[in-house]
Each structure stands twice: as C-alpha cells, then as structure tokens.
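For reference, the structure is listed below as structure tokens.
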Amino acid sequence: MHVKTHATSIQATQELFPAEAFLGDALERLKTASIEDRGAIFTRTEVVDFMLDLLGYTQDKPLWNIRILEPSFGGGEFLLRAVSRLIRAARRDHVDSTKLSEAVCGVELHRDSFEDTRTKLRELLAANGMSSKEATQLTNAWLVNGDFLLEPLAPFDLIVGNPPYVRQELIPAEMLAAYRKRFTTLYDRADLYVPFMERSLQLLKSGGQMSFICSDRWMKNRYGGPLRAMISEGYTLRYYVDMVGTAAFQTDVVAYPAITVIQRGKSSAKARIAHRPEVSAPELESLHRALIGPPSGFNGTVIELSTPSKGDDPWLMESDALPSLDFVRRLESAFPTIEAAGCSVGIGVATGADKIYIGPYDELDVEDERKLPLATTRDILSGKVEWRGLGVINPFEEDGTLADFERYPRFGDYMERHRELLQARHCAQRANGSWYRTIDRITPSITQKPKLLIPDIKGEASIVLDEGRLYPHHNLYYITSQYWPLTALQTVLRSGIAHLFVRAYSTKMRGGSLRFQAQYLRRIRLPFWQDVPPGLRETLQQCASGDMDEARAIVGQLYNLTDEEIDHLNT
C-alpha cells in the first residue's frame, strides 16, 4: 500500500477510504510512472516565492503556528522553499524544532520523487543546524508517500502547489472509479488537477487560502462547471495572475497556466487580476506589492473585478475581454439568448471514420438516398460557399433509425466491406450492435435548411450563408432560424457581436485563435425579430455582405449601443 511516514495509520486510511484496499496495483503503477504519465511539470523558483508571498507565508510571521500543505510535491519546489522560510522564522524567535511537527505537510505519490525530496529536505534541515535525529523526526512527521486524493488529512491554513496534469485516459481505471465516487468536480473530460483543487479547497480551514499554478482551462470549459459552482457557493477568488506565454516552468511546456489564490468563505472583497508578468524576481516582487497594496499602486498592471461569475458560469478573466465585460453584461441583462430569440445552434457530423464515410460525392458507392453533399471549412474559406464536391455517407433515416441493408444493397455491401474497421471504433462498441453508425446522428433534412456556417477555430468570426445545399462536417457549427431572416442575422453576427461573446467566454488557443463552439455561440444575445423596427429590418438584410463599419453602425441602432460600445465591436 503506502510507505507510511505520517502519523495516520494504514488501518485509519482503510476505514476512511475502504475502496483504497482494492487499488494496490493501480497505486503502484502510478508510484513508478514516468514524468509524462504523472503530469509532472516543475515551477520556477521565482514563481514559487511569488505564490508564497501572495499567501502571506513570509518569515516575518510566526510560521510555526500556520499549517501549510503541498499536495503533490514532486521535486519539492514549494515544500523546500516553504520549509526554508519556516526555519528562518523559528530560528529568529528561538522556537524549538519539536514545535514544528504540525506546521508542514507534503504529499507525493511517486516513490522516487518522494525519496529524492525527503533526502533534500533532510539536507536542508541539517544545513540549518538541526541534528540527524531532529531532521528525521521532522521529515517523518511532515511527509506522506501516498495519494493525496485518497489520503485522510487534517485541515490547513494554507495550501500551495502545482497539481499534476493527467488526462483521464492515463489514470488507471480502478483509481478513476474511486475518484469519481469521491469528487463531484471530476466531470466530463476534467484533468486530474480539477479534483486536486476540489480536495484542497475542502481541506482549508475557514478563512484559509489555496494558491495553485495550473491550467486555466477549467475557468471556461464545460468540465470546469462543477468546480466553478463549488467556488461560487463557498469560496472567494482573491487573486488571479494569467501566466500564459510566460516562463513560469523549468521546462518549456504546452500549457495555459494561471495562478489563483482562493479563500474559504464568502467575502465582498474584489478579486485582483494581473496578466502575463515578466518572470523575474524583481518584477514579481513589484507585482506582489501592487496586488496586496491599495488601488493607487496598481499602476495599470492590476485591476479589480467584483466577481468572476455566478454559479457554474465561465470566468471572464482574459485581458482582451475584460474591457468589454460591462458591455457583455449589459447585453445579457437586456436581450434574450440567440436560441430564446428563435434560432438553433448545432454542430456538424463527426463520423469516427472519415476515410470510410467521406469522399468525392460522385464516387461514393452507395445509393443516392444514402449520401449527402458535405460542407467543410475549406468550402467557405472565401467567405461564401464554394463546394469542392465532397459527400458523406448517411447511415440514418430521418427518424433516427439505421438504414436497412436489404432496402439499400449497395450501401449494405459498402458497409460490410469496411465492417472490421467500423466495428473497432469506440462508438460502435458502445452502440449495442449498431456498428455502422456515425458518432453523431445525421439528420438529412438539415441539408435543405438554410443556415449560417461557422468554423470552429478562428481568429475572427467567419459566418457564411448556405442557402440549403450542404450538410456540415464536424469542424463547422451552424445556426438556423425560425424568425430571423438569415441575411439579417448574418449582418448582426458579422458586425462583431459574435466575436464579442465568443471572445469573452471561449478558451483561447495557441496563436490567439478562439473556439467558436456551440456552448459559446449560445451565449450570444439577440433581440426578438418582432421587436426590430420595420425600417431597420430591411437595412439589416441588405447589409449582410456589405461594409463592416456600416454594419456596426446599423447593429448599434439595433442594440442601442453607445459610441464606446460600438468601438468594442471593432476590437
């Protein structure tokens, strides 16, 4: 099981976490896993010191009275820096080492990392004048070689660290099942750092604070919803520092990091926000002073925000979106959502085997009833539909049932020729015998519906009208409308309204591109068509492919925008 170096016994662990008794093999696999499999990314010392400073864990305080935890200490970046501060504070006030045993806790699952850091910690204590016996007693009291998500621990004043980045598919199935039973935030495709945050927040004393540097994806993505709701209900965001594009880690990694400081308990204090500081000791020390100081010292580097969101709503924190936040909030309070106004947002088909289902329309060897002309992003690059001739095989009837091979023998023969590959797909294995279905159901009538096509990943909103000829591929979203003429709707969305909302809510990709996904498009606000004045209706329809400045002026009338708000549509 665990190499127990903590006061808690194995028996107590199993009483609190009975499922752990069945996780031995899975735990052992992770205890010896590679750096990549266990999501180990190590933080620069300057950033570690900055985060400890933000928590107020500074050596001018009686740190022996403050309980601090690093929940996944890896190489000990946070643990060793915290202990160094603790020792200096204790030595200054002549505090005996026996009074330090409850001040620190570090947990690490990976056995080699645990042993290496334990050695470093002993050496640090010895270098500061402690005997071998004292160093051994403290390291035994402080360190736990176990799974933080399963380990029973007492509450803490402060929790700090860089939680592991591990995708769900890399977590042993037994452990993932045990985690799901315990953590409501392990939702959808959430990475392991999300339940690490939930567990850490649960372990805070009232008024205690947690500071993590980790991916910011949870702040906007669907999988972060339960964690955002948890924080909204019982916690307060104190500080947020966007670290995307900075040298925050010891190695260059593909990550979207942010530092958060979250306090247990609700407070009226505004969150203080900074973006992309230079990672150097002087710059971070200066930023720390600004973040904890009066607003007069912000110097344009820090801003205040009353609340990032309510409930599980996405957090709107990015620097280029914040100036428009009040504008977005006003539109949200004044107008219905685009779907409440009579529009529908959908996504094109994911087949699970594009090489089988998709090809030149005229060459697909199935009955005409079993194929549809397909729209892809390349068909709309010019800003209008220029079909390249691809088609998609449709295994579904309009009512959602799968097409019958006897009725469509060419279709049946084609599917049978590819049976082995189609049956091997994950979606086929889950489909109770429906081995030739596509991942997404195809509804043929969508082909004939006029719709606006929107590529998923784009720097700016690209909104193209398909008058009812093509079926969208999975990297295209589409909007249909019950009341709004699509040319008028196209004018509104192209004016900057779509980009305004998507920029506020979307996670940003490397290179600055946005995700124009359904979950963000559905947040767009749109007046009811019956409320649009007759003269403005005609103008909106005539300006669908016209000058953008003219479109913004017209949309300004539609939403009753100020000149400053119209300027936001330009950014």
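The figure for R88 is an accessible area of roughly 100 square angstrom, using a 1.4 Å probe on the protein chains alone. For T507, the residues whose amide H sits under 5 Å from its own are R515, ignoring neighbours fewer than 5 places away on the same chain, with H placed 1.01 Å from N. Ranked by solvent-accessible area (1.4 Å probe, protein heavy atoms only, all chains present), the residues K451, K181, K508 order from largest to smallest as K181, K508, K451. Only Cα pairs under 8 Å and 6+ residues apart enter the sum, and on that basis the relative contact order of the chain stands at 11 percent.
With all protein chains kept in place, the per residue accessible area of the chain amounts to 43 square angstrom at a probe of 1.4 angstrom.
In this simple spin-label approximation, T98 and T119 carry label points 7 Å from Cα along the Cα→Cβ vector, and these lie 3.2 nm apart. With θ taken as phi - 60° and the Karplus curve 6.51 cos²θ - 1.76 cosθ + 1.60 applied, the whole-hertz 3J(HN,Hα) list for segment 300-309 is x, 9, 10, 10, 10, 9, 4, 7, x, 5 Hz, x standing for glycine and proline. Accessible area per residue was computed with a 1.4 Å probe on protein heavy atoms; I439 scores about 80 Å². Between E169 and F405, the contour length at 0.36 nm per residue exceeds the alpha carbon distance by 81.4 nm. Rounded to the nearest whole Hz, the Karplus-based 3J(HN,Hα) values (6.51 cos²θ - 1.76 cosθ + 1.60, θ = phi - 60°) of segment 484-497 follow the sequence 6, x, 5, 5, 5, 5, 4, 4, 4, 5, 6, 5, x, 5, with x at glycine and proline.
In this calculation the C-beta distance from D413 to Q519 is compared with R0 = 35 Å, giving a FRET efficiency of 0.30. For L143, the residues whose modelled amide H falls within less than 5 Å of its own, excluding neighbours fewer than 5 places apart on the same chain, are G106.
With a ≥ b ≥ c the root eigenvalues of the C-alpha gyration tensor of segment 218-301, is it rounded (a/c under 1.5), prolate (a/b larger than b/c) or oblate? Taking the square roots of the gyration eigenvalues as a ≥ b ≥ c, segment 218-301 is oblate. Extension gain, T307-E283: 0.36 nm per intervening residue step, less the Cα-Cα distance, totals 6.0 nm.
Cross-link pairs exceeding 23 Å in C-alpha to C-alpha distance, out of K355/K451; K99/K133; K270/K310, comprise K355/K451.
Using a probe of 1.4 Å, the accessible surface attributed to R388 totals some 110 Å² when neighbouring protein chains are kept in position.
Grab the beta carbon distance between Q557 and E332, set R0 = 30 Å, and tell me the FRET efficiency rounded to 0.05. Efficiency, from the Cβ-Cβ distance: 0.95. Computing semi-axes √(5λ) of the Cα gyration tensor in Å for the structure here picks out one of [x] 49, 25, 21; [y] 51, 32, 17; [z] 39, 31, 23, namely [y]. Basic side chains Lys and Arg get +1 at the Cβ, acidic Asp and Glu get -1 at the Cβ, and with that the dipole of the chain about its Cα centre reaches some 1260 debye. Residue separation of T58 and S267 scaled by 0.36 nm, minus their Cα-Cα distance, works out to 72.9 nm of gained length.
Rolling a 1.4 Å probe over the protein heavy atoms of the chain, with every protein chain left in place, gives an accessible area that is 48 percent carbon and sulfur.
Of all DSSP beta bridges confined to the chain, the antiparallel ones make up roughly 70%.
The values are calculated or read from the model by the stated rules, or taken from the named source; none is laboratory data. The model shown is predicted, which means the values in this text are computed figures rather than measured ones. Note that each Cβ is placed from the backbone with ideal geometry, even for glycine, and that neighbours are counted across all protein chains shown. In case anyone asks, the SASA skips ligands and DNA or RNA and just uses the protein heavy atoms, side chains included. Shrake-Rupley method; radii C 1.70, N 1.55, O 1.52, S 1.80 Å.
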